[in-house]
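The values are calculated or read from the model by the stated rules, or taken from the named source; none is laboratory data. Because the structure is a prediction, the values reported are computed rather than measured. Ideal geometry is used to build each Cβ from the backbone, glycine not excepted, and the neighbour counts take in all protein chains shown.
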Amino acid sequence: MTRPALPNVTTAGKRQSGVGLVELMISIAIGLVLVALVTSYYLSSRQSYQTTVVSSELTDTQRYAMQQLRRQLMLAGYSDSWMHQETVFPGGGGNGMPTFPAGAIVASDKPGELWLRMQGAALADQKTRACNNQQITKNDEIALIRLFVNGDTLECETRFAGNPPPSPLLDGVEAIAFSYLDDSDDFKTYDNSVDWPSVRAIQVDLLIRSATPTYDAPIQQSFQWPGGASKAFTDRYMRSRITRIVTLRNADESE
């Protein structure tokens, strides 16, 4: 008796298919590349957005800082008296203040610091105000204003009517510098033989830092500064330097 032949299992059945190790590694590699590209694009977009936002905030901060400084500088030398400024603003100083020659409405003996003098207005509804918004009530009273940076805060100090403590104006101001245009027709620093009574314009330099860290990693930043020095930083904050020239509208031009 002849037995029937058994079917060849290897040829009659279907072959099993699967993923080999090489194919699996290639798939993983492609997936990692895609994830890396998407992550890089996301981080780049986020950094670009953050930089744009902080840059806009710095611009607003610069505008506000210069507005505050300009407001005080435009009041320097104000007086209701139309007489020679040497009579309105006699010489004086001491008690932590620089020496004001007669007729001088601004003076300084330290870098990054400026003192100015003004009188109150006689008109009841148009009183002049100091940098801390305190009203100068007497039109014959001389008020002295000091503008300076303490730490990273722009501050002002007013000396009249009880000498209130310094008032903060703006945070994030890391440095300030003043240069003075006198009759030499050249901008000078405080220690460069400034003829204070003839100063008619002031150059203000500000270095402002963002309120929060901006960059994902520390970056190097360097800024040229008046006097030939430079200020260097390595951190995640964004900074910006601004320079403006303010003309003293109450400067004495009678000579």
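Quick notes on this one:
- The lone exception for residue 242 - which of (1) exposed (fewer than 14 other Cβ atoms within 10 Å of the Cβ); (2) touching a helix residue (DSSP H, G or I) at 6+ places or on another chain (Cβ under 8 Å) it fails: (1)
- Residue within region 111-132 that is in contact with a Pro (Cβ under 7 Å, 6 or more places away or on another chain) and of a type in the set (Phe, Trp, Tyr) present: yes
Conditions tested, residue by residue: (1) under 22 Å from residue 93 (Cα atoms); (2) outside any strand (DSSP E or B); (3) touching a residue at least 40 places away in the same chain (Cβ under 8 Å); (4) within 20 Å of the chain's Cα centre (by Cα).
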| residue | (1), (2), (3), (4) |
| --- | --- |
| 155 | yes, no, no, yes |
| 165 | yes, yes, no, no |
| 168 | no, no, no, yes |
| 175 | no, no, yes, yes |
| 179 | yes, no, yes, yes |
| 185 | no, yes, no, no |
| 190 | yes, yes, yes, no |
| 197 | yes, yes, yes, no |
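- The residues in region 75-87 that are assigned to a helix (DSSP H, G or I) and buried (at least 16 other Cβ atoms within 10 Å of the Cβ) can be counted, and the count is 3.
- Cβ-Cβ under 6 Å pairs, at least 6 apart or on other chains, region 59-87 side of a type in the set (Gly, Ala, Ser), far side part of a helix (DSSP H, G or I): 79/88; 81/88
- When residues of region 110-165 are limited to those that are aromatic (Phe, Trp, Tyr) and at pLDDT 85 or above, the one farthest from residue 237 (Cα to Cα): 115
- For region 118-132, the criterion of being closer than 20 Å to residue 243 by Cβ and touching a Cys at 6+ places or on another chain (Cβ under 8 Å) is satisfied by no residue at all.
- So residue 55, is it within 25 Å of residue 177 (Cβ to Cβ), surrounded by 10 or more Cβ atoms within 10 Å (Cβ to Cβ) and modelled with pLDDT under 85: yes
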